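*Asks:* Sharing a structure below in structure tokens format, with a few things to ask.
The values are calculated or read from the model by the stated rules, or taken from the named source; none is laboratory data. No experiment lies behind these values; they were computed from the predicted model shown. For neighbour counting, all protein chains shown are included, and Cβ atoms are generated from backbone atoms with ideal geometry for every residue, glycine included. Just so you know, the surface numbers come from the protein's heavy atoms only, side chains and all, with ligands and any DNA or RNA stripped out. Shrake-Rupley method; radii C 1.70, N 1.55, O 1.52, S 1.80 Å.
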Amino acid sequence: MANFLAFLMLVSFWVSFISGQNPGLEAPYRIHTLFSVECQNYFDWQTVGFMHSFKKAQQPGPVTRLLSCTEEEKKNYKGMDLAPTLEVPSMSRHPKTGDWYPAINKPAGIVHWLKHSKDAQSTDWVVILDADMILRGPIIPWELGAEKGHPVAAYYGYLIGCDNILAKMHTKHPELCDKVGGLLAMHIDDLRVLAPLWLSKTEEVREDRAHWGTNITGDIYGTGWISEMYGYSFGAAEAGLRHKINDNLMIYPGYTPQPGVEPILLHYGLPFSVGNWSFSKLEHHEDGIVYECGRLFPEPPYPREIKLMEPDPNKRRALFLNIECINTMNEGLLLQHARNGCPKPKWSKYLSFLKSKTFAKLTQPKLLTPPRMQTEVAKEVKEIDESIKPYPKIHTLFSTECTTYFDWQTVGLMHSFHLSSQPGNITRLLSCTDEDLKQYKGHDLAPTHYVPSMSRHPLTGDWYPAINKPAAVVHWLNHVNVDAEYIVILDADMILRGPITPWEFKAARGRPVSTPYE
């Protein structure tokens with residue numbers, strides 16, 4: 001009997017250890033996850049994907065959807081049962097200024113939750129995410145290094161206002177302004193201090209229209225849309241919080257993770273593609289897919305197809321992340337349709353895959369530091385590197401727009417790039433309006449980073465498409481983890497006849513190499 005009791009104690013210890021709980025404490029640390037949405041089909045399908053991934057990832061603790069709706073919207077709203085929900089009065093139309101700014105609902109909803117939710121009284125740690133995210137593993141704040149006074153967050157490099165006059169105008173402590181967002185994990189005591197400041201600073205920045213310019217905020221739209229992000233950073237500075245910034249936890253599908261890094265959060269805020277298949281959340285803004293039996297998002301390529309199309313192990317991992325994102329959402333839609341009372345869907349190869357052990361294994365919860373993945377990738381990369389001459393890392397960029405004029409140029413440049421044996425990766429910076437993207441057919445012509453169009457200047461109204469080139473480079477630098485030592489910038493109407501290796505032309509820091517334009 002004594003041996004059996006000892007065994008039970010040992011099992012209890014390891015269960016608490018693995019789950020992130022500290023053995024020996026009277027109660028485990030309590031985590032609560034929050035995300036903010038509005039009463040729209042657009043957020044409903046995101047909610048289905050988020051909630052499904054939340055359960056698959058085995059995230060500990062409860063989750064609450066902060067649902068901001070007007071009384072008129074609630075009359076026709078069908079999605080009340082999609083997630084544990086706290087209804088929040090909508091501030092999309094500001095009650096005092098009349099300003100239309102739905103993003104303010106996020107801090108307003110959190111203030112409302114802290115004031116009106118019983119859960120807020122029994123929580124130690126809060127994880128704040130966006131609806132357009134897929135969890136791949138549990139987010140345990142203290143395991144990420146979060147402490148009182150030191151939240152953990154993802155890096156948002158484009159918040160340049162932390163370094164200029166904007167921070168000096170809106171916080172007494174500009175030196176504490178951190179460029180963060182996306183993933184936020186903090187102690188409840190810090191959130192109680194921060195939340196009202198987050199809301200008030202958002203209102204303050206939003207009203208500061210004189211400094212909405214892209215050279216001040218980094219917002220390429222120049223419309224103050226990221227005021228809420230600055231509201232957070234300035235509010236955190238006022239509260240005296242210093243973030244532990246982790247750039248490996250969250251990744252946008254379409255980007256390539258660092259070798260050995262296993263992201264635990266997919267943020268599908270930007271379009272992404274695999275071969276001829278692509279996905280953009282903006283194409284599904286009014287999509288009632290949650291309520292249409294049998295409808296799923298277009299199926300992406302299968303894993304075996306990706307293995308054939310991409311020999312590089314790390315780039316292949318990136319493509320696997322792309323399909324994992326959409327497959328997880330489709331799996332969630334299947335289950336939601338069943339809850340809605342839909343008839344059982346007809347058998348198909350794709351449905352069979354989503355229900356297979358292979359897919360279950362591919363999407364099992366990821367740990368923060370998986371040594372198996374690190375070892376496998378490092379081994380594969382080493383085998384490839386030993387067979388080629390090592391180069392300093394180079395990345396080639398070229399800028400285009402969503403027109404057939406640039407598409408045939410892209411085909412020529414990409415073909416010559418491969419024939420020239422140019423080392424390193426290449427990225428097409430594709431500047432498009434949302435309307436352009438709906439009709440655009442050339443997503444698969446090159447590895448692509450999507451950039452909002454500046455052809456029509458957001459402040460002056462000037463029509464000058466050439467400005468997209470520097471604007472796109474700035475956007476790329478602020479949204480991509482750049483590990484290259486050298487950048488080669490070309491135009492689309494060029495043909496490479498051989499490799500461009502900057503050091504052979506004596507390029508060095510402070511000494512770029514270029515051609516004369518007399």
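*Asks:* Dipole of segment 394-505, Cα-centred, from +1 at each Lys and Arg C-beta and -1 at each Asp and Glu C-beta, to the nearest 20 debye? Before the final figure, lay out each step's value.
*Replies:* Numbers: 6 positive and 12 negative charges, 17 e Å.
The dipole of segment 394-505 has a size of about 80 debye.
*Asks:* Which Cys residues of the chain have no other Cys Cβ less than 4.7 Å away and so no disulfide-compatible partner by this rule?
*Replies:* So, CYS325.
*Asks:* Between their Cα atoms, which of LYS96/LYS168; LYS346/LYS438; LYS148/LYS172; LYS307/LYS349; LYS55/LYS307 are more than 23 Å away from each other?
*Replies:* On the way: LYS96/LYS168 26 Å; LYS346/LYS438 30 Å; LYS148/LYS172 21 Å; LYS307/LYS349 19 Å; LYS55/LYS307 28 Å.
Where the Cα-Cα span goes over 23 Å, the pairs concerned are LYS96/LYS168; LYS346/LYS438; LYS55/LYS307.
*Asks:* Also, I was wondering about something else. Rounded to the nearest percent, how much of the accessible area of segment 244-311 (1.4 Å probe, protein heavy atoms only) is carbon and sulfur?
*Replies:* On the way: 1560 of 3040 Å².
The C+S portion of the solvent-accessible surface of segment 244-311 is 51 percent.
*Asks:* Then there's this: Counting other C-beta atoms within 10 Å, and keeping those with at most 10, which DSSP coil trypsin sites (Lys or Arg not before Pro) do you find in segment 442-518? List each step's numbers first, then the result.
*Replies:* Numbers: sites: ARG456, ARG497, LYS506, ARG509; in loops: ARG497, LYS506, ARG509.
Within segment 442-518, the qualifying trypsin sites (Lys or Arg not before Pro) (loop, at most 10 other Cβ atoms within 10 Å) are ARG497, LYS506, ARG509.
*Asks:* What is the spin-label model distance, in nm, from THR85 to LYS344 if the labels are put 7 Å beyond Cα along the C-beta direction?
*Replies:* Inter-label distance under the simple model: 3.0 nm.
*Asks:* Using alpha carbon centroids, what distance separates segment 473-487 and segment 84-160, in Å?
*Replies:* 28 Å
*Asks:* Report, in debye and to the nearest 20, how large the dipole of the chain comes out about its Cα centre when Lys and Arg carry +1 and Asp and Glu carry -1 on their Cβ.
*Replies:* Working: 52 positive and 57 negative charges, 245 e Å.
The dipole of the chain has a size of about 1180 debye.
*Asks:* So, with +1 on the Cβ of K and R and -1 on the Cβ of D and E, and no other charges, what is the size of the charge dipole of segment 54-135 about its Cα centre, to the nearest 20 debye? Intermediate results must be reported in sequence, preceding the final value.
*Replies:* Details: 11 positive and 10 negative charges, 17 e Å.
Magnitude of the dipole: close to 80 debye.
*Asks:* Using a 1.4 Å probe on the protein heavy atoms, what percent of the accessible area of segment 394-505 belongs to carbon and sulfur? Spell out each step's value before the answer.
*Replies:* Details: 3220 of 5770 Å².
Here it works out to 56 percent.
*Asks:* Please work out how much length the chain gains when fully extended from ARG209 to ASN276, using 0.36 nm per residue of separation minus the C-alpha to C-alpha distance, in nm with one decimal.
*Replies:* Values: separation 67, 0.36 × 67 = 24.12 nm, distance 4.14 nm.
Once the chain is fully extended between ARG209 and ASN276, it gains 20.0 nm.
*Asks:* Roll a 1.4 Å probe over the protein heavy atoms and report the accessible area of MET229 in Å², nearest 10.
*Replies:* Roll a 1.4 Å probe over it and MET229 shows about 50 Å².
*Asks:* Show that you can apply the helix-only estimate: for the chain, add -39,500 (n - 2.57) for every DSSP H stretch of four or more residues, divide by all residues, and state [θ] at 222 nm to the nearest 500.
*Replies:* -11000 deg cm²/dmol
*Asks:* What shape does segment 218-333 take by its C-alpha gyration tensor, where a ≥ b ≥ c are the square roots of the eigenvalues and a/c under 1.5 counts as rounded, a/b above b/c as prolate, and the rest as oblate? Spell out each step's value before the answer.
*Replies:* Working: a/c = 2.32, a/b = 1.40, b/c = 1.65.
It comes out oblate by the Cα gyration axes.
*Asks:* Taking a point 7 angstrom from the Cα of LYS393 along the C-beta vector, which residues in segment 241-264 have backbone N less than 20 Å away?
*Replies:* In segment 241-264, the label zone of LYS393 (backbone N under 20 Å from the point 7 Å along Cα→Cβ) covers 245-264.
*Asks:* While we're looking at this one, here's another question. I'm spelling it out carefully: the read-out is Cα Rg over 2.2 N^0.38 Å, the candidates are (i) 1.02; (ii) 0.93; (iii) 1.11, and one was derived from this structure. Which label?
*Replies:* Answer label, from the structure shown: (i).
*Asks:* Quick one: of the DSSP bridges fully inside the chain, what percent are antiparallel, nearest 5?
*Replies:* Numbers: 18 of 57 bridges.
Of those bridges, close to 30 percent are antiparallel.
*Asks:* Something else now. Give the span of segment 113-164's Cα atoms along each principal axis, as three whole-Å numbers ordered largest to smallest.
*Replies:* 40, 28, 25
*Asks:* While we're here: Looking at segment 243-349, which GluC sites (Glu not before Pro) are in a loop (DSSP not H, G, I, E or B) and have at most 16 other Cβ atoms within 10 Å? Mind showing how you got there, number by number?
*Replies:* On the way: sites: GLU283, GLU286, GLU292, GLU305, GLU324, GLU331; in loops: GLU286, GLU292.
Hits after loop and neighbour filter: GLU286, GLU292.
*Asks:* I've got another one for you. Considering amide H positions built from the backbone, and no H for Pro or chain starts, which residues 5 or more places from LYS244, or on another chain, come under 5 Å of its amide H?
*Replies:* Sorted by chain and number, the residues that satisfy this are VAL152, ALA153.
*Asks:* With every protein chain kept in place and ligands, DNA and RNA left out, what is the accessible area per residue of the chain? Probe 1.4 Å, answer in Å². Walk me through the numbers before you get to the answer.
*Replies:* Values: 26060 Å² over 518 residues.
Dividing the accessible area of the chain by its residue count gives 50 Å².
*Asks:* What distance in nm lies between label points placed 7 Å from Cα along the C-beta direction at LYS115 and LYS361?
*Replies:* Result: 5.2 nm between the two label points.
*Asks:* Need the full-extension length gain, THR97 to VAL193, defined as separation in residues times 0.36 nm minus the C-alpha distance. One decimal, nm.
*Replies:* Details: separation 96, 0.36 × 96 = 34.56 nm, distance 2.49 nm.
Roughly 32.1 nm would be gained on extension.
*Asks:* Sticking with this one: In Å, what is the Rg of the alpha-carbon atoms in segment 394-505, and how long is Dmax?
*Replies:* My reading of the Cα-based Rg and Dmax gives 14.2, 43 Å.
*Asks:* For segment 479-518, take N as its residue count and report Rg(C-alpha) divided by 2.2 N^0.38 Å.
*Replies:* Numbers: Rg = 12.1 Å, N = 40, 2.2 N^0.38 = 8.9 Å.
Dividing the Cα radius of gyration by 2.2 N^0.38 Å gives 1.35.
*Asks:* Just to verify a number: FRET efficiency for ASP436 and HIS173, C-beta to C-beta distance, R0 = 51 Å, to 0.05? Let's see the in-between values first.
*Replies:* On the way: r = 41 Å, r/R0 = 0.81.
Computed FRET efficiency for ASP436 and HIS173: 0.80.
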